[in-house]
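The values are calculated or read from the model by the stated rules, or taken from the named source; none is laboratory data. Quick caveat: nothing in here was measured; it's all calculated off a predicted structure. Cβ: placed from backbone, ideal geometry, glycine included. Neighbour counts: every protein chain shown. Protein only, heavy atoms only, side chains kept; ligands, DNA and RNA dropped before computing areas. Shrake-Rupley method; radii C 1.70, N 1.55, O 1.52, S 1.80 Å.
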Amino acid sequence: DTAVSQTPKYLVTQMGNDKSIKCEQNLGHDTMYWYKQDSKKFLKIMFSYNNKELIINETVPNRFSPKSPDKAHLNLHINSLELGDSAVYFCASSQVAGSARAFFGQGTRLTVV
Amino acid sequence: QQQVKQSPQSLIVQKGGISIINCAYENTAFDYFPWYQQFPGKGPALLIAIRPDVSEKKEGRFTISFNKSAKQFSLHIMDSQPGDSATYFCAASMTGNEKLTFGTGTRLTIIP
């Protein structure tokens, strides 16, 4: 059973295109996140949703728009893709209360050409 | 502003040796300090975590040492094995704000 699953695993697209990454968790967690890992492996939070509500929105271009249709899903839509958007994007989930243990998906490697 | 500083950037240890990775934080509101292990092509996975009310936590070959006054914590891997070769991230978060602030990562290589 996959706890946090993302699709697609790889995404290659041209500059200017719009793309989406989907994420689903089956852990019953209340909180979901999107993290970005750059080419130097640095991990940084982008967004956090709690029960479908946006609670964290770090300094991210507004070309990035998360959408949470329900507690188990958090999708990331990116408009007008730029070369600098190339990175690995990780979805994660955790319980708000308790240990704050976050479970990560396998990542989506986005390459913009 | 890098709130969690991690060192070294890379580390090579002989099989059977002790691997030590260090982290320092600035924000005294942090109250949860996990370590994540990441293999190539995979997402980070929680390895071990500590809260500041204890100075040490051990799980198998992995130990976290925590120094609250110095605002430092470290990961010790005893009897390091080739399968431990991975990138390790320290992180910190605070109650009520569940986002993780990560260190810059340490690429650990265990050589036979």
For the subset of the range B:37-60 comprising residues that are closer than 20 Å to B:Asn27 by Cα and assigned to a loop (DSSP other than H, G, I, E, B), which member is farthest from the other protein chains (Cβ to nearest Cβ)? B:Ser55
Could you check, for the range B:72-88, whether at least one of its residues is among the β-branched types (Val, Ile, Thr), open to solvent by 50 Å² or more (accessible area, probe 1.4 Å), within 14 Å of another protein chain (Cβ to nearest Cβ) and within 30 Å of A:Phe47 (Cβ to Cβ)? no
Yes/no for B:Thr63 being away from chain A (no Cβ under 12 Å) and in a loop (DSSP other than H, G, I, E, B): no
Can you tell me which residues in the range B:79-88 are without any contact (Cβ under 8 Å) to a residue 60 or more places away in the chain and not in a strand (DSSP E or B)? B:Gly83, B:Ser85
May I ask you to list the residues in the range A:65-75 that are in contact with a strand residue (DSSP E or B) (Cβ under 6 Å, 6 or more places away or on another chain) and either under 16 Å from B:Asn97 (Cα atoms) or touching a residue at least 24 places away in the same chain (Cβ under 8 Å) (or both)? A:Pro66, A:Ser68, A:Ala72, A:His73, A:Leu74, A:Asn75
Name the strands (runs of 3 or more DSSP E) wholly inside the range A:1-108 in which the number of residues that are surrounded by fewer than 16 Cβ atoms within 10 Å (Cβ to Cβ) and more than 9 Å from chain B (Cβ to nearest Cβ) is 3 or more. A:53-57, A:64-70
Which one is farthest from the other protein chains (Cβ to nearest Cβ), of the residues in the range B:89-110 that are in a loop (DSSP other than H, G, I, E, B) and crowded, with 16+ Cβ neighbours inside 10 Å? B:Gly103
Based on this model, can you work out whether B:Gln14 counts as modelled with pLDDT of 95 or more and open to solvent by 70 Å² or more (accessible area, probe 1.4 Å)? yes
